[in-house]
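Below you'll find the structure, written out as C-alpha cells, and then a few comments.
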Amino acid sequence: MQNQFSRTELLLGKAAMEKLSRSHVAVFGIGGVGGYVCEALARSGVGAFDLIDSDKVDITNLNRQIIATHKTIGRYKADVMRERILEINPEAAVTAHRCFFLPETAQQFNFYQYDYIVDAVDTVTAKISLVMAAQEKQVPIISSMGAGNKLDASRFKVADIYQTNVCPLAKVMRHELKKRGVKSLKVVYSDEMPTIPNTNILENPENGNVCQPDTQDTNTRRRSVPGSAAFVPSVAGLIIAGEVVRDLVQAI
C-alpha cells in the first residue's frame, strides 16, 4: 500500500525506511540551514526530532528561512518548525527546545538518545561545545560551516574539517578543534570567497537594528551581520540532510 514515503522507499528500500522511522535526530539551530535540514529529514521519514533554537522568527528571515512567513514573525523558530514537521508527518515525535546550546544548558540534553546530531548554529563557542559533547558520547555529528556572504550554491562540499579551505569559520574551527585533540569532523562548507556585504545598509539609522537575533543572550549574537540569499543556505541544509540520511541507512 502506498504512503507518503513510497517514492523514497523506491530508492532506499523498506529496511532503510524502517531505520529512518526509528531514528532520532537533534538539529541545533533552526535557521537558514537548519530549517531545510529539518524539512528534508521530515520528508525523508525520520521519526523523531529534537529542535534547539532560542530565536524567534524575524522579518529579516523572510528572504531565506523556510519557516519564516509574515504569519510566523515573532514566534519561536523551534515551535514553528515543530508544527511544520507534524504537518508533514503527524506520526513524528518532535520536541522543541527554546534555548541555545552552551555549557550551562548542556545538561538539558541526553545525547545518548540521539542517532545523529546536526550542528547548524552560528557561533564558534556553541559549535565547539556540540562537537565535544557528541564525540564524548560517540554520536555522529555533521557541522555546517559558513553560508553567509556567499552567492554560488554550487561551491558547497562535504569534507573533513581538516581538508577545508577558504571558509573563515572553518579556519577558526580547525584551529580550535586541533587544540582540543579532535581528530576528525564531517562538515559542509563552501570554498567560494565571501562577498563583502554593503554595510552602509546596516549603518543607516532608518533601517533599525537589521538582522540581529531576537534575544538578549550575548552568547548568541554574531560579531557581524552577514548577507544571505535564499538559494545558498537552503542548499547547504539539503546537502547536510542527504548526508544524515545516507549515514543512517548505511548503518543498517
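What the table below lists for this structure:
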| quantity | calculated |
| --- | --- |
| V172, sole failed condition from (1) at negative phi; (2) of a type outside the set (F, W, Y); (3) not in a helix (DSSP H, G or I) | (3) |
| Matching residues, region 171-220, being modelled with pLDDT of 60 or more and among the hydroxyl-bearing types (S, T, Y) | S184, Y189, S190, T195, T199 |
| Region 148-160: number of residues that are out of contact with any Ser or Thr (no Cβ under 7 Å at 6 or more places or on another chain) and within 19 Å of A241 (Cβ to Cβ) | 5 |
| Criterion: out of contact with any helix residue (DSSP H, G or I) (no Cβ under 7 Å at 6 or more places or on another chain), surrounded by 20 or more Cβ atoms within 10 Å (Cβ to Cβ), modelled with pLDDT of 95 or more and not aliphatic (A, V, I, L, M) - qualifying residue of K19, K77, K14, K71 | K77 |
| Residue satisfying condition, being within 25 Å of E39 (Cβ to Cβ), in contact (Cβ under 8 Å) with a residue 24 or more places away in the chain and buried (at least 21 other Cβ atoms within 10 Å of the Cβ), within set D115, D119 | D119 |
| Within region 61-102, tally of residues that are farther than 12 Å from G31 by Cβ, part of a helix (DSSP H, G or I) and either touching a strand residue (DSSP E or B) at 6+ places or on another chain (Cβ under 7 Å) or not hydrophobic (A, V, I, L, M, F, W, C) (or both) | 7 |
| So V187, is it closer than 25 Å to F231 by Cβ and either part of a helix (DSSP H, G or I) or of a type in the set (A, V, I, L, M) (or both) | yes |
| Number of positions in region 24-60 that are in contact with a Gly (Cβ under 9 Å, 6 or more places away or on another chain), surrounded by fewer than 23 Cβ atoms within 10 Å (Cβ to Cβ) and either at pLDDT below 95 or in a loop (DSSP other than H, G, I, E, B) (or both) | 2 |
| Count of region 32-51 residues which are in contact with a helix residue (DSSP H, G or I) (Cβ under 7 Å, 6 or more places away or on another chain) and closer than 27 Å to P226 by Cα | 10 |
| Filter result for S54 (touching a residue at least 12 places away in the same chain (Cβ under 8 Å) and in contact with a Leu (Cβ under 6 Å, 6 or more places away or on another chain)) | no |
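The values are calculated or read from the model by the stated rules, or taken from the named source; none is laboratory data. Small disclaimer: the values here were computed from a predicted structure and weren't measured. Cβ coordinates were reconstructed from backbone atoms using ideal geometry, including for glycine residues, and neighbour counts include every protein chain displayed.
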